[in-house]
């Protein structure tokens, strides 16, 4: 489909949505938490609610079977997580955790996080994790994937790590079509460092380094990440933008981005519109408004490419080398 | 991997030697970025990688080359990188991550003129950068090579040292060494009973479901409060101090009764050694001292060698980087007149050193 006209994936979300009740078989969240913690022993007792997928793969919507429970791939010992009230990270990472559970890939997943608020997820998962330097999550994860292509490698970062200090690495991962999954939390500011201008700050948005609001004449306009990736490479890439305002859709996109890596097609990229009431200095209503009305107007939510795209290089496309004429014997 | 049968005399460039040595040492992956004068390390490795199914990735800059190398090591590979000059500056960022997290990595640095772009040719101006260039204490091991045989021997040793000590380990050469053709003997380290880099459990991706079959492997390089950092650093500092005397290396000749000792490292040490011999032949009691490890610096050995000398002449193709290490090493150990011969970014001959010493160089 043309860039800028994403599909929303709504029809797929509808099919997935068979949770009519919020009550799961396990009772309240706190009860689930304590029973989960008890079940997490190295003796390996199977925790309740683990889907039938097991280690062999297969898609099981375990979240639907036990709604309201922490994902298996989340580490109970480090909860509650340290994100601010109203932060979108917890929602994105929950979607990721549930997708990992559904695909049963925890055993072979390596998760990388950046500097900024994403670093607070360094011990959030029951997944092998490496917290890297700012903007350097992609190259570390690329190194891991190149060394062990059988691992599912995820690079998680904020909009600064992805589109500013790490832009070089995102662009190059797209150029080389690295077979990793990149997830970007876009909250339009550098949050951990105190709310500075970010590549995705909206025109007119006040930040600690644009106290009068972002002036496009001075600092341009917000960048569109998935569109950037699609401009560099369409074939073989999966690119989508979700929002913490639509959990099921976001989870669907993340799951597809992981499946894309499992299929070995190439780069999978998901940006998630997210919230930062702490640095936006907004109450709940204003936060929701900014996300749903201001951000959603600027950043189009949906899928930009399907996993159907294939990299022509994979099918042994004709190569062109300046020396090939000579070697052909002319 | 066995690249040669038994021992073989070869006439090769230093950069080629480095790639062969890495393969001989059991390296199975390199990530790199082009920068003169080390490009041929990558070219040679890329060809070896193709022939022997080893890993190779040319990345988009030295930042990603270093970080991807670290990722590869964490996933269980014996990986290395190489760079020079401004690339060495960029490489400091990933180096500090390896330093903090005790991830074994080998880097080969072929020094070129500095600062900034300067020349692509030669210098000894990356000593400070390579020894202590990050935002930490510089807990690293740096071997300064003087010949192609050194490049072969010490690249192999660097892997063993890095994987044994888990401190980032460097082979510090220069553009002359990288590009010159010189004779050397290639061999398989196993045939000489040399320890290869010890196999190690990967950091990530071990078998078992994390949180169920085994604890998840969580790695970070950031801490929330000062005391947390202190507790993380102190074991590293202790390990480094324990390791240092077992790793520090040097070479010396004629220091026992020397009146003047020429102190030099890397390729300049060849001129210093030759100058000392020439001076002896002309009746001057000259000695020569060559630190082989610049980090840890063989300070005690230098102090011992300098004990009865009247003066040292510190010689380098830089402007005080070796001299600083010498002065720091001697402080409190030996009081001696330290004179210097600096030619930043320019090669130094034995003849000019002989003249300089004979003139009572000041």
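Between residue B:282 and residue B:352, the simple label model (points 7 Å from Cα in the Cβ direction) yields a spacing of 1.6 nm.
The distance separating the Cα centre of the range B:288-362 from that of the range B:41-77 comes to 37 Å.
Please report the orientation-averaged projected area of the range B:156-291, defined via the convex hull of its C-alpha atoms, in nm².
Numbers: hull surface 57.7 nm².
Its Cα hull, projected and averaged over all orientations, spans 14.4 nm².
If a/c stays under 1.5 just call it rounded; otherwise compare a/b with b/c (prolate if a/b is bigger, oblate if not). Do that for the range A:135-232, with a ≥ b ≥ c from the square roots of the Cα gyration tensor eigenvalues. Prolate, since a/c reaches 1.5 and a/b exceeds b/c. The distance separating the Cα centre of the range B:181-224 from that of the range B:115-144 comes to 25 Å. Against the empirical 2.2 N^0.38 Å (N residues), the range B:1-157 has a Cα radius of gyration ratio of 0.98. Full extension of the chain between residue A:79 and residue A:293 gives 73.9 nm of extra length, using 0.36 nm per residue less the Cα-Cα distance. Each Cα pair of the range A:188-237 feeds into the Kirkwood radius, which the Stokes-Einstein equation turns, at 25 °C and 0.890 mPa s, into a diffusion coefficient of 208 µm²/s. Applying 0.36 nm per residue to the separation of residue B:246 and residue B:225 and subtracting their alpha-carbon distance, the gain on full extension is 4.2 nm. Sorted largest first, the principal axis extents computed over the alpha-carbon atoms of the range B:1-55 equal 33, 25, 16 Å.
Could you tell me what fraction of 2.2 N^0.38 Å the Cα radius of gyration of the range B:236-361 comes to, as a two-decimal ratio? Numbers along the way, then the final one.
Numbers: Rg = 14.1 Å, N = 126, 2.2 N^0.38 = 13.8 Å.
Normalised Rg, Cα atoms only: 1.02.
Taking a ≥ b ≥ c as the square roots of the Cα gyration tensor eigenvalues, the range B:76-217 comes out oblate, since a/c reaches at least 1.5 and a/b does not exceed b/c. Each label point was placed 7 Å from the Cα along the Cα-to-Cβ direction; for residue B:11 and residue A:175 their separation is 3.9 nm.
Shape class of the range B:154-202 from the alpha-carbon gyration tensor: oblate, with a/c at 1.5 or above and b/c at least as large as a/b.
Using the Kirkwood radius over C-alpha pairs as Rh, can you work out the diffusion coefficient of the protein assembly as shown via Stokes-Einstein at 37 °C, viscosity 0.692 mPa s, in µm² per second?
Values: Rh = 27.5 Å.
This corresponds to a translational diffusion coefficient of 119 µm²/s.
Here the range A:68-108 has an Rg and Dmax of 10.6, 31 Å, counting Cα atoms alone. For the range A:179-296, the Kirkwood estimate of the hydrodynamic radius, built from every pair of different alpha carbons, is 15.2 Å.
Could I get the Rg over Rh figure for chain B? Both from C-alpha atoms, Rh via Kirkwood, rounded to two places. Before the final figure, lay out each step's value.
Numbers: Rg = 20.8 Å, Rh = 21.0 Å.
Looking at chain B, the ratio lands at 0.99.
Taking Cα atoms, how many degrees apart are the long axis of helix B:268-281 and the longest axis of chain B, rounded to 10 and kept between 0 and 90? That helix lies at roughly 30 degrees to the long axis. Taking every DSSP helix (H) stretch of at least 4 residues in the protein assembly as shown, weighting each as -39,500 (n - 2.57) and dividing the sum by the residue count yields a mean residue ellipticity at 222 nm of -10500 deg cm²/dmol.
Quick note: the coordinates plus some simple rules give every number you see, no bench work behind them. Only a predicted model underlies this, so the values are computations on that prediction, with no experimental measurement involved. Neighbour counts run over all protein chains shown; Cβ positions are idealised from the backbone, glycine included.
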